[in-house]
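As structure tokens, the structure follows; a few thoughts come after it.
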Amino acid sequence: MGKADPSSSTRSIGLLMTRRPADSDRFLALLPQDLLDTLNVIHAPLLQIQPLSVEPVIADLGGVIFTSANGVASSPPPAQRLPAYCVGKRTTKAARERGWDAVCSGANADELVAHLTSQMPKGPLLHLHGQHTRGNVAQRLCAVGLTCEGLTVYEQKLLPLEPAQRAEIAAQNRVIVPLFSPRTARHFASLGLDQMNLTLFALSEAVASELKGLQSKGLQVSKAPVAESMAAMVRDAAVRLAHLEGDNPAQ
């Protein structure tokens, strides 16, 4: 639910954070504090991560694959140091801290597959992922001659918007909405928030494609599929909208 802020009634620009609290806090830390002070940050997580009770057999593996930090957190640490081929810097960092010999193998599944195809590492690989995953990593690696299987180690449960969160969104003149995954974007588009006070930002074209039927003020795609690029877009939009609101104060 949105955090109460006694000054929020004086703010006409909202920033809707649909990620889990820890992920939202990391993203907000990329924005200037003086800018955040002008925004009404609305926390409305749309996804909950639930680790599953599975015990991956990793003793005879040549390495594992992580395409998200959630996969790292939902998997046991290695009994001995093994390679972990990771998507993104944050996933790589999480895997290293967990005890894996982690290598950043690209910014997305396509780059990871290309990296492993060029390296052709020895030994079976295991992709530890969520219930809903994209990229067909294991199948594509098998197609080029590697041995790879996938194992689901966590669920991603969709969450509804609470009435108070809906009211807070509707109360803003403008609402900036950064969205980071196709599934969350699809869920967001299904929530019935067809309103022209929304300015949408998508991490990638795959995310944006889930939002194109939604009525909004605008939709932009990040230049790179990384949080820093999204934060730069959000920052620029917030500054622009603040100027517009200053020129056209609410009646």
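A short reminder: the numbers here are calculations on the coordinates, not readings from a lab. Computed from a prediction, not measured in an experiment: that's the story for all the values here. Glycine gets a Cβ as well: all are built from the backbone with ideal geometry, and neighbour counts include every protein chain shown.
About the Cα centre of the chain, how large is the charge dipole given +1 on each Lys and Arg Cβ and -1 on each Asp and Glu Cβ? Please answer in debye to the nearest 20.
About 200 debye.
Show me the ranking of peptides 123-130, 160-167 by mean Cβ neighbours inside 10 Å, starting with the highest.
So the peptides 123-130, 160-167, ranked by packing, come out 123-130, 160-167.
Tell me, what is the FRET efficiency for Gln119 and Ser53 to the nearest 0.05, using R0 = 35 angstrom and their Cβ-Cβ distance as r?
Here the calculated transfer efficiency is 0.60.
Among DSSP bridges having both ends in the range 49-156, what percentage is antiparallel? Round to the nearest 5.
Looking only at bridges with both residues in the range 49-156, the antiparallel portion is about 15 percent.
Over all directions, the average projected area of the alpha-carbon convex hull for the range 49-156 comes to how many nm²?
Answer in nm², one decimal: 5.7.
Rank Ala102, Gly71, Gln131 by how far each Cα sits towards the positive end of the charge dipole of the range 48-169 (+1 on Lys, Arg Cβ; -1 on Asp, Glu Cβ) and give me just the farthest.
Highest projection toward the positive end goes to Ala102.
What fraction of the DSSP beta bridges in the chain is antiparallel, stated in percent and rounded to the nearest 5?
In the chain, DSSP labels about 15 percent of beta bridges as antiparallel.
P(r) of the range 173-236 in 5 Å steps, Cα pairs, percent per bin?
The percentages, shortest bin first, are 4, 21, 32, 26, 14, 4.
As an exercise, identify the trypsin sites (Lys or Arg not before Pro) in the range 83-123 lying in DSSP coil whose Cβ has no more than 13 other Cβ atoms within 10 Å.
Answer by residue number: Lys122.
Net charge around Leu179, counting only other residues with Cβ within less than 13 Å of its Cβ (Lys, Arg = +1; Asp, Glu = -1)?
Local charge sum for Leu179: +1.
Mean separation of Cα pairs under 8 Å and 6+ residues apart, divided by the residue count of the range 49-156: what relative contact order is that in percent?
Reported as a whole number, the value is 31 percent.
Can you tell me how the range 26-102 classifies by the Cα gyration tensor, rounded, prolate or oblate, using a/c under 1.5 as the rounded cut?
Prolate, since a/c reaches 1.5 and a/b exceeds b/c.
Amide H to amide H under 5 Å from His127: which residues, 5+ apart in sequence or cross-chain, H placed 1.01 Å off N in plane?
So His127 has HN proximity to Ile65, Glu149, Gly150, Leu151.
Order these peptides, 209-222, 99-112, by their mean beta-carbon neighbour count within 10 angstrom, highest first.
Most protected by this proxy first, the peptides run 99-112, 209-222.
Quick one: compute the contact order of the chain, relative version, from alpha carbon pairs under 8 angstrom and 6+ residues apart, as a percent.
It comes to 20 percent, rounded to a whole number.
Where the only charges are on Cβ atoms (+1 Lys, Arg; -1 Asp, Glu), what is the dipole of the range 1-118 about its Cα centre, to the nearest 20 debye?
140 debye
If you work out Cα Rg over 2.2 N^0.38 Å from the coordinates, which of (1) 1.04; (2) 0.97; (3) 1.12 do you get?
Entry (3).
Would you please give the FRET efficiency between Glu162 and Gln131, computed as 1/(1 + (r/R0)^6) with r the Cβ-Cβ distance and R0 = 22 Å, to the nearest 0.05?
With a Förster radius of 22 Å, E is 0.40.
Given axes a ≥ b ≥ c from the Cα gyration tensor, I'd like to know whether the range 119-164 is rounded (a/c under 1.5), prolate (a/b larger than b/c) or oblate.
Cα axes put the range 119-164 in the prolate bin.
Through the Karplus equation 6.51 cos²θ - 1.76 cosθ + 1.60, θ set to phi - 60°, convert the phi angles of the range 198-212 into ³J(HN,Hα) values in whole Hz; use x for Gly and Pro.
Going residue by residue, I get 8, 10, 9, 10, 10, 5, 8, 5, 5, 5, 4, 4, 7, 10, 5 Hz, with x marking Gly and Pro.
What angle, in degrees between 0 and 90 and rounded to the nearest 10, separates the Cα long axis of helix 227-247 from the longest principal axis of the Cα atoms of the chain?
Computed tilt is about 0 degrees.
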